[in-house]
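Q: Okay, here's the structure, questions in a sec.
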Amino acid sequence: MLRILCCVKRVPAPGARINVTADGLAVDAAHLGFTTSPHEECGVEEAVQIAERCGGEVTVLTLGPPEAAEQLRYAASVGAHRGVLVPADGGARDPQRTAAILAEAIRRLESADGAGPFDLIVFGNESADSGGFQVGVRTAYGLGRPIVNGVKGIEIDGPAVRVRREIDGGFEVYEMEMPAAVGVKEGINLPRYPTMKGRLASKRLEIEILDLDAPLGGQTMVRLRRPAETVSETAILGHGPEAAPAVADVLESLGVL
Amino acid sequence: MISPVLAVLEHDRGAMAEAAREALTFGRGLAESLGAGLEALLIGSDDADLVAEAGAYGAAAVHTVTHPVLSDFGPEAWGEAIARAAGMLKPAAVLAGGSERGNEVMAQAAARLDLPFVSNCTAIDPSGADGSGVDSGSGEWSITRIQWGGSLLEDVRLAAALPLVTCGLHAVASEPLPEPVSPAAAGLEIDLDPALARTVVKDRVVLEAGVTLPTAPVVVGGGRGVGSAEGFGPLEELAGLLGGRVGCSRAVTNNGWRPHSDQVGQTGTRIAPEIYIASGISGAIQHWVGAMGSKHILAINTDPEANMVVKADWAVIGDLHEVIPAISAEIRRRHP
Ligand SMILES: Cc1cc2nc3c(=O)[nH]c(=O)nc-3n(C[C@H](O)[C@H](O)[C@H](O)COP(=O)(O)OP(=O)(O)OC[C@H]3O[C@@H](n4cnc5c(N)ncnc54)[C@H](O)[C@@H]3O)c2cc1C
Ligand SMILES: Nc1ncnc2c1ncn2[C@@H]1O[C@H](COP(=O)(O)O)[C@@H](O)[C@H]1O
């Protein structure tokens, strides 16, 4: 039976623009919903599909506020079996600190009941908000596991995991012995929607809590701000199909027609 | 004498990546603000053309690392090579391009060196921690980097014995020096653990190349407003008439109407066509960051207040199911 771990992060889901709080230290999420980073959502789906195909158990791990339990429950509603939350205080979370905490959490989970290493640890390629492109790599390195990022396909073959990654005009193939880790990208699969049965399972999920911390790293956020926006005057070419000649004129003026 | 800035030269089997040219261009600016020189690190090759190109972009010296385990790209082997080279050369900073590979190998190097790594920087001020440009004496750098795929900027303070950074993709336009320099190339003796081969590329599959989404001159985009997979037929037709490609929003891929390879946005593709015709797309910020590289945007939407309409150069207010076929008919009429 394969044991698979997914690391997911709770992030706000902004609409047309992202607003920043008055102190400049966070996204103003007062009127926003929250979600799991899209790459990681696909990571959970991939883990569940592998477990369905090969037999296995999927554990989802997050470091975040208590409300991140919501993302663990969502994962359970689409087929994950266990949810582990490392509660984070509101303080700074740089990538070094986050990775050190995740690696320690994984060590604890692996040593509990002599469970042994997770065969596969699935990260997102990058988180949706901070997008540091490193927490997965650092965590895997801390655990001594091989990791490949940018993964758009996973095949389990006995003790090996074969992964593919897109490059210009094709893809490359890597092959690692498990235990191993991957950073996956959206598009590797199409995540399912929760079923009624899944929703019930997610309500029953007992969230495991691990209290852990690690020292701060060397990168400190000073403030968030919006980049300068380009304001453009929109020329309305018309309403409905009558606008077609005006559109064709524009296309001709650009030389694409 | 201040030690040089070291730029990692991303290449794929000897073909220089655009991200490497950007890193060299960005690195020149950083070196200048430090009063330092710029040198380059070439991993898995000592190819004279690559060395010469590094010189054209300002590298005064190129350090090469060749080893059997570097026969092809491998994130762990590259990361280890960078970490070891940094230990030997003691540069003022190590910089790579903010591509998928660039960020990955720098994360690997940072993990090995147990140092911070600031990804996707757009500006670096090594002279002061408070952003004033005045040396605060703290030895910290002020850096601006991107979050949310470019929708937000983050100012950070970096305290590190050796700064490790990538420059955001297209944070600078690559620009060769007016006069190329001829860099001295020298091999670095680095003995790498053969076990690093565990993440080296095993195989490659080449797919048929056509007009790809990132390079298409025209992209006809469809969002939730298209309503179904079949609804994309008229968009395909229009894209075909214009020699372009169909793109879509995440609402569309999530519904399974189009493959993810068509998705434009933060977690999809960045496009840069002459014109992006965005129909039935509201223009959420995560979609916008993928579309904002378009030279011109035409929005088709029933809602005149939609963000895509507000941000577009031109808009047609109306039902895309009527507007798009009418545009195709008009094109056919003009070019029978
Ligand atoms: C971390 C993160 C990453 C994301 N990454 C991406 C990404 O890469 N790409 C992406 O696209 N999204 C991404 N999203 C999702 C994004 O936030 C939006 O949910 C999505 O872009 C909405 O798609 P849409 O505009 O098609 O749908 P909607 O927002 O529902 O908009 C539909 C639009 O169609 C118009 N419309 C409806 N019917 C018609 C009609 N008949 N004719 C004309 N107009 C009509 C409506 O007025 C409306 O403006 C991401 C979200 C998160 C949280
Ligand atoms: N707080 C967190 N909790 C769990 N996993 C995380 C957290 N932050 C980052 N990760 C994982 O690390 C990946 C890379 O994150 P980043 O380095 O922030 O781009 C994400 O896609 C997640 O899989």
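Q: Two-decimal Rg/Rh of the range B:5-199 from alpha-carbon positions, Kirkwood Rh?
A: Numbers: Rg = 15.7 Å, Rh = 16.5 Å.
Taking Rg over the Kirkwood Rh, I get 0.95.
Q: Among B:T215, B:T269, which comes first, second and so on when ranked by fewest other beta-carbon atoms within 10 Å? Walk me through the intermediate numbers first.
A: Details: B:T215 12, B:T269 20.
The fewest-first ordering by Cβ neighbours comes to B:T215, B:T269.
Q: Let me ask something else about it. If you count the DSSP beta bridges with both ends in the range A:2-253, what percent of them are antiparallel, to the nearest 5? Can you show the working numbers first?
A: On the way: 19 of 45 bridges.
In the range A:2-253, DSSP labels about 40 percent of beta bridges as antiparallel.
Q: Using modelled backbone amide H atoms (1.01 Å from N, in-plane), which distant-in-sequence or interchain residues come within less than 5 Å of B:A185's amide H?
A: The list, which skips near neighbours in sequence, is B:V62.
Q: Which percent, to the nearest 5, of DSSP beta bridges fully inside the protein assembly as shown are antiparallel? Mind showing how you got there, number by number?
A: Details: 42 of 115 bridges.
So the antiparallel bridges amount to about 35 percent of the total.
Q: Set the bar at 27 Å for Cα to Cα. Now go through A:K152/B:K311; A:K185/B:K202; A:K9/B:K202; A:K9/B:K295 and name every pair that lies beyond it.
A: Checking Cα-Cα distances, A:K152/B:K311; A:K9/B:K202; A:K9/B:K295 exceed 27 Å.
Q: Out of the chymotrypsin sites (Phe, Trp or Tyr not before Pro) in the range B:21-114, which ones are loop residues according to DSSP with at most 14 other C-beta atoms within 10 Å? Don't skip to the answer; put the middle values down first.
A: On the way: sites: B:F26, B:Y57, B:F73, B:W78; in loops: B:Y57, B:F73.
In loop regions of the range B:21-114 (DSSP not H, G, I, E or B), there are no sparsely surrounded chymotrypsin sites (Phe, Trp or Tyr not before Pro).
Q: I would also like to ask the following. For the range B:218-334, what class follows from the C-alpha gyration tensor (a ≥ b ≥ c being the square roots of its eigenvalues): rounded when a/c is under 1.5, otherwise prolate if a/b is larger than b/c, else oblate?
A: In terms of gyration-tensor shape, rounded.
Q: Which whole number gives the average, over all residues in B:201-211, of C-beta atoms from other chains lying within 10 Å of the residue C-beta? Don't skip to the end; give the middle numbers.
A: Numbers: counts 7, 7, 7, 7, 7, 5, 5, 2, 3, 1, 0.
Per-residue shielding by partner chains comes out at 5.
Q: Using DSSP to define loop residues, name the GluC sites (Glu not before Pro) in the range A:181-257 whose beta-carbon has at most 11 other beta-carbon atoms within 10 Å. Don't skip to the end; give the middle numbers.
A: Values: sites: A:E186, A:E206, A:E208, A:E229, A:E233, A:E242, A:E252; in loops: A:E186, A:E206, A:E229, A:E233.
Here the GluC sites (Glu not before Pro) that fit, given the DSSP loop and packing criteria, are A:E206, A:E229, A:E233.
Q: Here is a follow-up. So, counting K/R as plus one and D/E as minus one, what does the shell of residues with Cβ under 14 Å around B:W257 add up to? Mind dumping the intermediate values first?
A: On the way: positive: B:R224, B:R250, B:R258; negative: B:E230, B:E236, B:D262.
That sum, taken over residues with Cβ under 14 Å, equals 0.
Q: Hey, how many Å between the Cα centroid of the range A:208-235 and the Cα centroid of the range B:258-306?
A: 24
Q: Still on this model: Using DSSP loop states and a limit of at most 13 other Cβ atoms within 10 Å to flag GluC sites (Glu not before Pro), what is the longest stretch of chain B containing no flagged site?
A: B:1-188
Q: Hey, another quick one. Give me B:K202, A:K9 ranked fewest to most by other Cβ atoms within 10 Å of their Cβ, as a rough exposure proxy. List each step's numbers first, then the result.
A: Values: B:K202 15, A:K9 23.
By the 10 Å Cβ count, ascending: B:K202, A:K9.
None of the figures in this text is laboratory data; all of them are computed from the coordinates on show. Since this is a predicted model, take the numbers as computed values, not measurements. Here the Cβ is made from the backbone with ideal geometry for all residues, glycine too, and neighbour counts use every protein chain on show.
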